[in-house]
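*Asks:* Got a structure for you, written out below as structure tokens; questions coming shortly.
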2 protein chains.
Amino acid sequence: MSYSDISTSLSPALEKVDRFAVASVLSANRGLLVDGSRIMDRLQAMAQIGRSEQGGINRIAYSSFDLEGRRYVIDLMHDAELETSIDAAGNIIGKRAGAEPGLPAILIGSHIDSVPEGGIYDGTVGVLSAIEVAQILAERKLSTRHPLEVIVFQNEEEGLFGSRAVSGDLSPSDLNLPSQSGKTIREGIEYLGGNPEKLATARRRVGEIAVYLEYHIEQGPVLESEGVDIGVVEGIVGVNRWEVTIEGFSNHAGTTPMNGRKDALIVAAKFIDAVNCIVRATPGLQVGTVGRIRVLPGAPNVIPGKVILSLDLRDLESDKIERLYQEIADEGNRIAATIGATITFKQTSVQGPALTEPRVRQLIFDAANELGLTSMMLRSGAGHDAQAIARIAPIGMIFIPSQDGISHTPREYSRRVDIINGANVYLHTLLKLDALFS
Amino acid sequence: MSYSDISTSLSPALEKVDRFAVASVLSANRGLLVDGSRIMDRLQAMAQIGRSEQGGINRIAYSSFDLEGRRYVIDLMHDAELETSIDAAGNIIGKRAGAEPGLPAILIGSHIDSVPEGGIYDGTVGVLSAIEVAQILAERKLSTRHPLEVIVFQNEEEGLFGSRAVSGDLSPSDLNLPSQSGKTIREGIEYLGGNPEKLATARRRVGEIAVYLEYHIEQGPVLESEGVDIGVVEGIVGVNRWEVTIEGFSNHAGTTPMNGRKDALIVAAKFIDAVNCIVRATPGLQVGTVGRIRVLPGAPNVIPGKVILSLDLRDLESDKIERLYQEIADEGNRIAATIGATITFKQTSVQGPALTEPRVRQLIFDAANELGLTSMMLRSGAGHDAQAIARIAPIGMIFIPSQDGISHTPREYSRRVDIINGANVYLHTLLKLDALFS
């Protein structure tokens, strides 16, 4: 696509922008590229932090590995001449001043915490590329109009806790929630060097952030199967989660006749199957998952008296999630009632769906085209920090292919060429945003 | 029932016995009773060892609470003038000499280890009553013909490890099995003061034990619902256990379409439901339970890639257990194949069914009748140490009612009067056995 094509394909919002300015940004930085080897070396260094014998990454939020990864990232920020700090919510921020006074900051970044036995790319590719973008600008002594902030949001995996604090969507009561580390969110934030008592100071208001641009692996199969280099994210699905508690009656597994049992795990089994059936039976791209289950007391010779499990529902439409939940809850109650057990649903998190800013999408397409890369629009089935920030600022997201579409496992993989392509698109989209956004 | 009724109702096996001897045992000890308050006080003392805030007993084998309970029991044995030792398998043995040289020992006892959040009666009632029987004999200076051994078998709950060592049914490789304490069986035995390297020395041969008599709470609903004081156990069901491993494929819960998943927990859910259906669909009193489940990696936002669960099948007929298992395994394979997952079954323990000795049953009936108590025959749905000892010696078991038939929970309860009744039947059955068995 030539510049004239780009020019005519600009979104209506962009048509207000001075086209001369666009042209000069394009030409001035045409030769600028990130140092791909540096990104890959740092990615390998990060891959040693929290790695288990099985090869998975266990940089669970608030674990010692999480802290170790954050220390490494702060060191990299210093290399990139960023001025680092930790906000009250425990997010790491690396700042670079802008040339034009009074402009709001452009935020770039992602997260480095992982699920248990996760992969090395999820979140980390975006964080290391954001630092690389800042470092290239520092090395080439290129200034931006806006201040630039590289941000590492804490605890993305368990519910976007860091980015929700920034968008004002984290309440003091959320601080009492447990996390997989064993710490509460409050204790976790303290562990990372944040100050939960001053949580409100981490909040940014509408207008304080010009735009948030996140770069991430797709974690799904679309780009690879379509053979496309760069994904331009249309929107991020909403993610609602519940803790589901089933109470039956615990008893001896040998002496209690089959017809005298209130086995909570039998109810849970039928419920898990029902979640799967209901989500599949509804037309659309929604997904539903039970990923965690705890059975009490949990011995082979005891009938389970209590089961606690997680329910995760995702779609681009909040209403559809609500309808699916109602159907699932009704079916859960029906199943529990058949043996006199009870089932209760406690909503543990709500992340509304978020659309990306059309002007930002267009600039990502432009940057990819300029670099000779193919691109396409797609939805994000995974939750991302950008989703939280969408409440207070325009957002954009860049995806690259994930091999076999897999993520959250040690087999997660993205090719070196794709990682570096994505970082270059990241750099050039940033420069365009800096030139065109106010 | 009068003595003449008893005399005519003696089993064929007993008819060989000298009826004059039976009559003299009956008359000589008619007034002898256990000290019921002492049993109950000690039961309350034991109820403090391993009690959680929720009120359950957590005297899990090889835990510090288990050790504490054993120390208390050893002290009680010393009060009862028993000579204590710990065999190589970690069982506690309290010995009292017999009057007649060359006779094999009569064993009485049970276990004090518990399931997680178990009750205070399971096992402990039998152990404390056995010590009480020995103490009453010591206090009244009554000698028995046979040597008497009060035995506390270690780790009953996870698979009769202590009693299986005594019966020669524990192999060196079993020592490497894990236990809920986090220790292997070997480490657990060492922790208790046993010597796993000399395991064979704990083994008893056929002929070394005249009879093993165990007293236990029913842990089921039969005696209470029939309004009967004493249960005479006909047999103990066989208990076979498997560790079932389901392997699917772990992936991101947001980006993986429903029809592209290999969710191991969906397979597990259908499997657990199938176990329940198959066991219920077969005529008879067999039971089947999935009591433990572990999901990996175990996060709300990750599709489960692997599930490990327990399968416990029980019946009085080994063949029936085998047929049920085959049906369950076939169905498990069919379910797993529908989504391309795999399922494997590893047998972790086999405890064959065991019938009690008809002569011993008869003497329990006799003792109950003498004490003015009602009695009935019933099967034991729970596994017991007597089951292991049945390989090498005649066994008998005495049951008392469990309120609501519940066990393995903090709500497990047996009435004081029933506990003391059972202990008196225990004492008098022992005296009859001593007189009549060679």
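*Asks:* Are any residues in the range B:75-98 outside any strand (DSSP E or B), under 27 Å from B:I185 (Cα atoms) and touching a Gly at 6+ places or on another chain (Cβ under 6 Å), and if so, which ones? Before the answer, list the steps.
*Replies:* Applying the first criterion (outside any strand (DSSP E or B)) to the range B:75-98 yields B:75-82, B:87-91, B:97-98.
Pick out the ones that are also under 27 Å from B:I185 (Cα atoms) and you get B:75-77, B:87-91.
The answer is B:M77, B:A88, B:A89, B:G90, B:N91.
*Asks:* Of all residues in the range B:403-438, count the ones that are touching a Phe, Trp or Tyr at 6+ places or on another chain (Cβ under 7 Å) and polar (S, T, N, Q).
*Replies:* Total satisfying the criteria: 2.
*Asks:* Taking the options B:A138, B:A210, B:A200, B:A134, name whichever one is surrounded by fewer than 24 Cβ atoms within 10 Å (Cβ to Cβ), without any contact (Cβ under 8 Å) to a residue 60 or more places away in the chain and of a type in the set (A, V, I, L, M).
*Replies:* After applying the criteria, what remains is B:A138.
*Asks:* Of the residues in the range B:25-51, how many are part of a loop (DSSP other than H, G, I, E, B) and either at pLDDT below 95 or aliphatic (A, V, I, L, M) (or both)?
*Replies:* Qualifying residue count for the region: 8.
*Asks:* Shifting gears a bit: Check the range B:299-307 and report whether any residue there is among the charged types (D, E, K, R), over 27 Å from the mean Cα position of the chain (by Cα) and either crowded, with 22+ Cβ neighbours inside 10 Å or not in a helix (DSSP H, G or I) (or both).
*Replies:* yes
*Asks:* Scan the range B:295-307 and report the pairs whose first residue is more than 21 Å from B:W242 (Cβ to Cβ) and whose second residue is aromatic (F, W, Y), with Cβ atoms within less than 8 Å and a gap of 6+ or a chain change.
*Replies:* B:I303/B:F249
*Asks:* With the requirement that a residue be among the hydrophobic types (A, V, I, L, M, F, W, C), in a loop (DSSP other than H, G, I, E, B) and either under 15 Å from the mean Cα position of the chain (by Cα) or within 14 Å of another protein chain (Cβ to nearest Cβ) (or both), what does the range B:99-133 give you?
*Replies:* Listed by number, the residues that qualify are B:I112, B:V115, B:I120.
A quick yes/no check of all residues on (1) in contact with a strand residue (DSSP E or B) (Cβ under 7 Å, 6 or more places away or on another chain); (2) more than 10 Å from every other protein chain (Cβ to nearest Cβ):
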| residue | (1), (2) |
| --- | --- |
| B:I266 | no, no |
| B:Q286 | yes, no |
| B:R292 | yes, no |
| B:A299 | no, no |
| B:V307 | yes, no |
| B:A336 | yes, yes |
| B:Q351 | yes, yes |
| B:T356 | yes, yes |
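*Asks:* Same structure, new question: Could you say whether any residue in the range A:225-234 is at the interface with chain B (Cβ under 7 Å from one of its Cβ atoms) and surrounded by 21 or more Cβ atoms within 10 Å (Cβ to Cβ)? Give the steps one after another, and end with the answer.
*Replies:* Within the range A:225-234, the first condition is being at the interface with chain B (Cβ under 7 Å from one of its Cβ atoms), and the residues that meet it are none.
The answer is no; no qualifying residue exists.
*Asks:* Quick one: would you say B:A138 is in a loop (DSSP other than H, G, I, E, B), among the hydrophobic types (A, V, I, L, M, F, W, C), out of contact with any helix residue (DSSP H, G or I) (no Cβ under 7 Å at 6 or more places or on another chain) and over 30 Å from B:R292 (Cα atoms)?
*Replies:* Numbers: in a loop (DSSP other than H, G, I, E, B): no; among the hydrophobic types (A, V, I, L, M, F, W, C): yes; out of contact with any helix residue (DSSP H, G or I) (no Cβ under 7 Å at 6 or more places or on another chain): yes; over 30 Å from B:R292 (Cα atoms): yes.
Taking the combined requirement at face value, the residue does not satisfy it.
To keep it simple, each residue is scored yes or no on (1) buried (at least 20 other Cβ atoms within 10 Å of the Cβ); (2) more than 13 Å from every other protein chain (Cβ to nearest Cβ); (3) not in a helix (DSSP H, G or I).
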{"residue": "B:I398", "(1), (2), (3)": "yes, yes, yes"}
{"residue": "B:H408", "(1), (2), (3)": "yes, no, yes"}
{"residue": "B:R411", "(1), (2), (3)": "no, no, yes"}
{"residue": "B:V417", "(1), (2), (3)": "no, yes, no"}
{"residue": "B:V425", "(1), (2), (3)": "yes, yes, no"}
{"residue": "B:L431", "(1), (2), (3)": "yes, yes, no"}
{"residue": "B:A435", "(1), (2), (3)": "yes, yes, no"}
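*Asks:* Let me confirm something: among A:G381, A:G372, which residue is farther than 20 Å from A:T144 by Cβ and without any contact (Cβ under 8 Å) to a residue 12 or more places away in the chain?
*Replies:* Going through A:G381, A:G372 in turn, just one is farther than 20 Å from A:T144 by Cβ and without any contact (Cβ under 8 Å) to a residue 12 or more places away in the chain: A:G372.
*Asks:* Among the residues of the range A:374-399, count how many are out of contact with any Lys or Arg (no Cβ under 8 Å at 6 or more places or on another chain) and within 30 Å of A:P104 (Cα to Cα).
*Replies:* Qualifying residue count for the region: 17.
*Asks:* Turning to a different aspect of this structure: Kindly indicate which of A:D87, A:D66 is under 20 Å from the mean Cα position of the chain (by Cα) and closer than 26 Å to A:A138 by Cβ. Explain how you work it out, then say what you get.
*Replies:* Numbers: A:D66 fails: closer than 26 Å to A:A138 by Cβ.
Criteria check complete, one pass: A:D87.
*Asks:* Which of the residues spanning the range A:162-176 are surrounded by fewer than 17 Cβ atoms within 10 Å (Cβ to Cβ) and modelled with pLDDT under 95? Don't jump to the end; show me each part of the working.
*Replies:* Keep residues of the range A:162-176 that are surrounded by fewer than 17 Cβ atoms within 10 Å (Cβ to Cβ), which gives A:171-173, A:176.
Hits for the range A:162-176 are A:S171, A:P172, A:S173.
*Asks:* Also, quick follow-up: Over 18 Å from the mean Cα position of the chain (by Cα) and more than 14 Å from every other protein chain (Cβ to nearest Cβ) - does that describe any residue in the range A:150-170? Steps first, please.
*Replies:* First, the residues of the range A:150-170 that are over 18 Å from the mean Cα position of the chain (by Cα): none.
There is no residue in the range A:150-170 that is over 18 Å from the mean Cα position of the chain (by Cα) and more than 14 Å from every other protein chain (Cβ to nearest Cβ).
*Asks:* Counting only residues that are more than 30 Å from B:V115 (Cα to Cα) and not in a loop (DSSP other than H, G, I, E, B), which one in the range B:247-264 is farthest from the other protein chains (Cβ to nearest Cβ)?
*Replies:* Across the range B:247-264, the extreme among qualifying residues is B:K262.
*Asks:* Here is a list: A:N155, A:N195, A:N176, A:N240. Which entry is without any contact (Cβ under 8 Å) to a residue 24 or more places away in the chain and polar (S, T, N, Q)?
*Replies:* A:N176 is the lone residue from the list that is without any contact (Cβ under 8 Å) to a residue 24 or more places away in the chain and polar (S, T, N, Q).
*Asks:* Same structure again: Just checking, does the range B:207-214 include any residue being closer than 21 Å to B:L128 by Cβ, more than 14 Å from chain A (Cβ to nearest Cβ) and among the hydroxyl-bearing types (S, T, Y)? I'd like the intermediate steps shown before the answer.
*Replies:* Of the range B:207-214, the ones closer than 21 Å to B:L128 by Cβ are B:211-214.
From the residues that got through so far, the ones that are more than 14 Å from chain A (Cβ to nearest Cβ) too are B:211-214.
Right, trim to among the hydroxyl-bearing types (S, T, Y) and you get B:212.
Yes, the conditions are met somewhere in the range B:207-214.
*Asks:* Give the residues of the range A:256-276 that are under 18 Å from B:L265 (Cα atoms) and small (G, A, S), sorted by residue number.
*Replies:* Correct list: A:A264, A:A268, A:A269, A:A274.
*Asks:* Return yes when A:G340 is of a type outside the set (F, W, Y), over 34 Å from the mean Cα position of the chain (by Cα) and within 9 Å of chain B (Cβ to nearest Cβ) and no when it is not.
*Replies:* no
*Asks:* While we're on this one: If I filter the range B:409-425 for residues that are without any contact (Cβ under 8 Å) to a residue 40 or more places away in the chain and at negative phi, do I get at least one hit?
*Replies:* The initial filter retains those residues of the range B:409-425 that are without any contact (Cβ under 8 Å) to a residue 40 or more places away in the chain, namely B:415, B:417.
Narrowing further to those that are at negative phi: B:415, B:417.
Yes, the range B:409-425 contains at least one residue that is without any contact (Cβ under 8 Å) to a residue 40 or more places away in the chain and at negative phi.
The values are calculated or read from the model by the stated rules, or taken from the named source; none is laboratory data. Note that the structure is predicted; figures quoted are calculated from it, not measured. All Cβ positions, glycine included, derive from the backbone under ideal geometry; neighbour counts span all protein chains shown.
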